[in-house]
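A.B. asks: Before I ask anything, let me first share the structure, which is written out below as structure tokens.
The values are calculated or read from the model by the stated rules, or taken from the named source; none is laboratory data. In this text, all values refer to a predicted model and were calculated from it rather than measured experimentally. Cβ placement follows ideal geometry from the backbone for every residue including glycine, while neighbour counts extend to all protein chains displayed. Calculation scope for accessible area: heavy atoms of the full protein, side chains included, ligands and nucleic acids excluded. Shrake-Rupley method; radii C 1.70, N 1.55, O 1.52, S 1.80 Å.
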Amino acid sequence: MLHWFYRTIYGKSVVFMKILVSACLLGVACKYSGGDNVCPALLNAVQHSGHTFIPICPEVYGGLPTPRPPAERTGDCVLTETGTDVTAQYQRGAEAALQLARLTGCEAAILKANSPSCGCGTIYDGTFRHRKIAGDGVTAELLQAHGLCVYNEDNFSELLRYV
Ligand code: SF4
């Protein structure tokens, strides 16, 4: 169930939401490589939709630096290509994102597809060969387990159309 709030604009009641969003999709250079994953359509929605967007980067919240070695999920663990176990940092970042969602009243999120933190529905398979499998990133998994609806940069218009 999405938590909506209303504003009256020109005498009309309009529905708005609070939405967590992957900061890299908004152009923040928090990606593992030091770059971003800017999504112009999402930026446009942030500027013009009237919804409240709250940027998050779970990997940074978890204490990882930028840039940082790429990592992928392997079962319940998250490992870098050289085998360093960064599961604890990913879990810490996911908990921080959930805490922020609760504090701000977000019940939906738009998160970067395929990421070991933010991916929802598909993620890389842990071999570092650009192969995808069904699964969720650590943060997407935790948010969904606590009732948030998670979208990505390819399907977020479904969420915005919904309201
Ligand atoms: Fe983007 Fe999420 Fe990776 Fe941060 S953890 S860089 S928000 S995909």
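A.B. asks: Hey, among R161, R131, R92, R102, which residue is without any contact (Cβ under 8 Å) to a residue 60 or more places away in the chain and under 21 Å from A45 (Cβ atoms)?
C.D. replies: Numbers: R131 fails: under 21 Å from A45 (Cβ atoms); R92 fails: under 21 Å from A45 (Cβ atoms); R102 fails: under 21 Å from A45 (Cβ atoms).
Only one candidate qualifies: R161.
A.B. asks: Based on what the data block shows, is C118 within 15 Å of the ligand (Cβ to nearest atom) and either open to solvent by less than 20 Å² (accessible area, probe 1.4 Å) or closer than 27 Å to F16 by Cβ (or both)? Let's see the steps before the verdict.
C.D. replies: Working: within 15 Å of the ligand (Cβ to nearest atom): yes; either open to solvent by less than 20 Å² (accessible area, probe 1.4 Å) or closer than 27 Å to F16 by Cβ (or both): yes.
Considered against the rule, which asks whether it is within 15 Å of the ligand (Cβ to nearest atom) and either open to solvent by less than 20 Å² (accessible area, probe 1.4 Å) or closer than 27 Å to F16 by Cβ (or both), C118 comes out as yes.
A.B. asks: What do you reckon, is L111 open to solvent by 40 Å² or more (accessible area, probe 1.4 Å), in contact with a strand residue (DSSP E or B) (Cβ under 8 Å, 6 or more places away or on another chain) and touching a residue at least 60 places away in the same chain (Cβ under 8 Å)? Can you show your working first?
C.D. replies: Numbers: open to solvent by 40 Å² or more (accessible area, probe 1.4 Å): no; in contact with a strand residue (DSSP E or B) (Cβ under 8 Å, 6 or more places away or on another chain): yes; touching a residue at least 60 places away in the same chain (Cβ under 8 Å): yes.
No; evaluated as a whole, the condition is false for this residue.
A.B. asks: On the basis of being closer than 30 Å to V15 by Cα, of a type in the set (G, A, S) and more than 10 Å from the ligand (Cβ to nearest atom), does G50 make the cut?
C.D. replies: Values: closer than 30 Å to V15 by Cα: yes; of a type in the set (G, A, S): yes; more than 10 Å from the ligand (Cβ to nearest atom): yes.
Judged against the criteria, G50 is a match.
A.B. asks: Now a separate question. Restricting to segment 4-44, and then to whatever is of a type in the set (A, V, I, L, M), within 14 Å of A109 (Cα to Cα) and at pLDDT 95 or above, can you tell me which residue is farthest from the ligand (Cβ to nearest atom)?
C.D. replies: Only one residue tops the list, namely I19.
A.B. asks: Also: Looking at (1) in contact with a strand residue (DSSP E or B) (Cβ under 9 Å, 6 or more places away or on another chain); (2) open to solvent by less than 60 Å² (accessible area, probe 1.4 Å), can you tell me which one L98 breaks?
C.D. replies: Here L98 clears every test but (1).
A.B. asks: Considering segment 92-111 alone, what residues qualify as being hydrophobic (A, V, I, L, M, F, W, C) and either farther than 20 Å from C77 by Cβ or not in a helix (DSSP H, G or I) (or both)?
C.D. replies: Hits for segment 92-111 are L100, A101, L103, C106, A108, A109, I110, L111.
A.B. asks: Inside segment 132-144, can you point out the residues that are closer than 17 Å to T80 by Cβ and not aliphatic (A, V, I, L, M)?
C.D. replies: The one that is closer than 17 Å to T80 by Cβ and not aliphatic (A, V, I, L, M): G137.
A.B. asks: Residues to consider are A71, A97, A88; find the one that is within 15 Å of C149 (Cα to Cα) and of a type outside the set (S, T, Y).
C.D. replies: Just a single option satisfies the conditions, and that option is A97.
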